[in-house]
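*Asks:* Shown below is the structure under consideration.
The values are calculated or read from the model by the stated rules, or taken from the named source; none is laboratory data. Keep in mind that this is a model prediction, so the values were computed, not measured. We place every Cβ from the backbone using ideal geometry, glycine too, and count neighbours over all the protein chains shown.
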Amino acid sequence: MSVTVRVPAKVNVQLAVGGARPDGFHDLANVFLAVGLYDEVTATPADELTVTCAGPGADQVPLDRTNLAARAALALAERHGIEAAVHLHIAKDIPVAGGMAGGSADAAGALLACDTLWGTNASGAELLDICAELGSDVPFSLVGGAALGTGRGERLQPLDVGGTFHWVFAVADGGLSTPAVYREFDRLHEGAEVPEPVASQALFDALAKGDVEALAAFLPGSNGLQPAALSLFPKLADTLSEGEAAGALAALVSGSGPTTAFLARDAESAQTIAEGLLASGTCRTARVADSPAPGATVVQSSQGQDDTA
């Protein structure tokens, strides 16, 4: 008996960041786009909560109860008065510590897998509530597609996407801590007035029309965390330049980094950009993916039948 859930990575096509709040978080206007790079989380009954992980970067993933997937299982079990007696196996394909919400994806995947395995029948609202408790990016990992995240990113408004966008993601040789990037953001803005984050209607229109040129025109400067990420990881500037030289319509740091994202005109251009990035030696690997992608989805249940959703 087991349940496997597939869950996507994300790219932030806008990440407007406000000043630090009294609770240490920052208000955001965060436009998420789910992309077709996936982790899979499999939940199997066990005597106690255990976590295993395999795939690229698996050695960097904690396997104790600090793991977000483990915390998701514990949160659901506590709400329903049951023991979190489950083995969670994470098959990684989303870059670890790469600014693409891999840990958040695993939390959302574990939550849906455990809900299905245990038959807790949590409502969508309850699942999203648990996601918001776990982290700012976790609710979007559950729902996928495209959405505006406000507050610290956990309050979601779905957005329409009128076409397919093609991306290349360059995975850096090293990671960045999201809290460290926010601390650097605060340092860079110390003593300055940080404006309230505002989402862009022009961006919403570009997504709704599937207009790659309009999206490309918007992306430069759209990530408020990019200067902080570049300050901590200066070599990312070389990767951004190489991707643009290889034909990317636009280039940006993905979220808190250090993965960099490159918008391509079409699938063929994406392959060319990926090859150019690999040849440049400025990244560890380059991955091609399309967006939007579905959120957390049960792909296999204990009956062994694939889910067609």
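*Asks:* Yes or no: Asp160 closer than 22 Å to Gly102 by Cβ, part of a loop (DSSP other than H, G, I, E, B) and either of a type outside the set (Gly, Ala, Ser) or in contact with an Asp or Glu (Cβ under 8 Å, 6 or more places away or on another chain) (or both)? Give the steps one after another, and end with the answer.
*Replies:* Values: closer than 22 Å to Gly102 by Cβ: no; part of a loop (DSSP other than H, G, I, E, B): yes; either of a type outside the set (Gly, Ala, Ser) or in contact with an Asp or Glu (Cβ under 8 Å, 6 or more places away or on another chain) (or both): yes.
Judged against the criteria, Asp160 is not a match.
*Asks:* Here's another thing I want to ask about it. Restricting to segment 211-254, what's the tally of residues that are part of a loop (DSSP other than H, G, I, E, B) and either on the phi < 0 side of the Ramachandran plot or of a type in the set (Lys, Arg) (or both)?
*Replies:* Filtering segment 211-254 down to residues part of a loop (DSSP other than H, G, I, E, B) leaves 211, 219-222, 224-225, 233-235, 246-249, 254.
If we keep only those that are either on the phi < 0 side of the Ramachandran plot or of a type in the set (Lys, Arg) (or both) too, we end up with 211, 219-220, 222, 224-225, 233-235, 246, 248-249, 254.
Of the residues in that region, 13 qualify.
*Asks:* Still on this model: What number of residues within segment 65-100 are of a type in the set (Gly, Ala, Ser) and within 20 Å of Ser256 (Cβ to Cβ)? Before you say what the answer is, go through the steps one by one.
*Replies:* Step one: of segment 65-100, the residues of a type in the set (Gly, Ala, Ser) are 69-70, 72-73, 75, 77, 81, 84-85, 91, 97-99.
Next, from what is left, pick out any that are within 20 Å of Ser256 (Cβ to Cβ): 69, 97-99.
The qualifying residues number 4.
*Asks:* Let me ask something else about it. Would it be correct to say that Leu203 is without any contact (Cβ under 8 Å) to a residue 40 or more places away in the chain, under 20 Å from the mean Cα position of the chain (by Cα), surrounded by 14 or more Cβ atoms within 10 Å (Cβ to Cβ) and not in a loop (DSSP other than H, G, I, E, B)?
*Replies:* Working: without any contact (Cβ under 8 Å) to a residue 40 or more places away in the chain: no; under 20 Å from the mean Cα position of the chain (by Cα): yes; surrounded by 14 or more Cβ atoms within 10 Å (Cβ to Cβ): yes; not in a loop (DSSP other than H, G, I, E, B): yes.
Spelling it out, it is not the case that Leu203 is without any contact (Cβ under 8 Å) to a residue 40 or more places away in the chain, under 20 Å from the mean Cα position of the chain (by Cα), surrounded by 14 or more Cβ atoms within 10 Å (Cβ to Cβ) and not in a loop (DSSP other than H, G, I, E, B).
*Asks:* Separate question: So which of Ser280, Ser302, Ser241 ends up being surrounded by 15 or more Cβ atoms within 10 Å (Cβ to Cβ) and over 17 Å from the mean Cα position of the chain (by Cα)?
*Replies:* Details: Ser302 fails: surrounded by 15 or more Cβ atoms within 10 Å (Cβ to Cβ); Ser241 fails: surrounded by 15 or more Cβ atoms within 10 Å (Cβ to Cβ).
Being surrounded by 15 or more Cβ atoms within 10 Å (Cβ to Cβ) and over 17 Å from the mean Cα position of the chain (by Cα) holds for just one of Ser280, Ser302, Ser241, which is Ser280.
*Asks:* I've got another one for you. Is it the case that some residue within segment 29-37 is surrounded by fewer than 15 Cβ atoms within 10 Å (Cβ to Cβ) and either among the polar types (S, T, N, Q) or farther than 26 Å from Ala293 by Cβ (or both)?
*Replies:* no
*Asks:* When the residues of segment 82-103 are narrowed to those that are in contact with a strand residue (DSSP E or B) (Cβ under 6 Å, 6 or more places away or on another chain), among the hydrophobic types (A, V, I, L, M, F, W, C) and assigned to a loop (DSSP other than H, G, I, E, B), which ends up modelled with the highest pLDDT?
*Replies:* So the residue we want is Ile94.
*Asks:* In addition: So, restricting to strands (runs of 3 or more DSSP E) that lie completely within segment 1-74, which ones have at least 3 residues that are touching a residue at least 60 places away in the same chain (Cβ under 8 Å)? Full working, then the answer.
*Replies:* Values: elements: 3-20, 26-45, 50-54.
Correct list: 3-20, 26-45.
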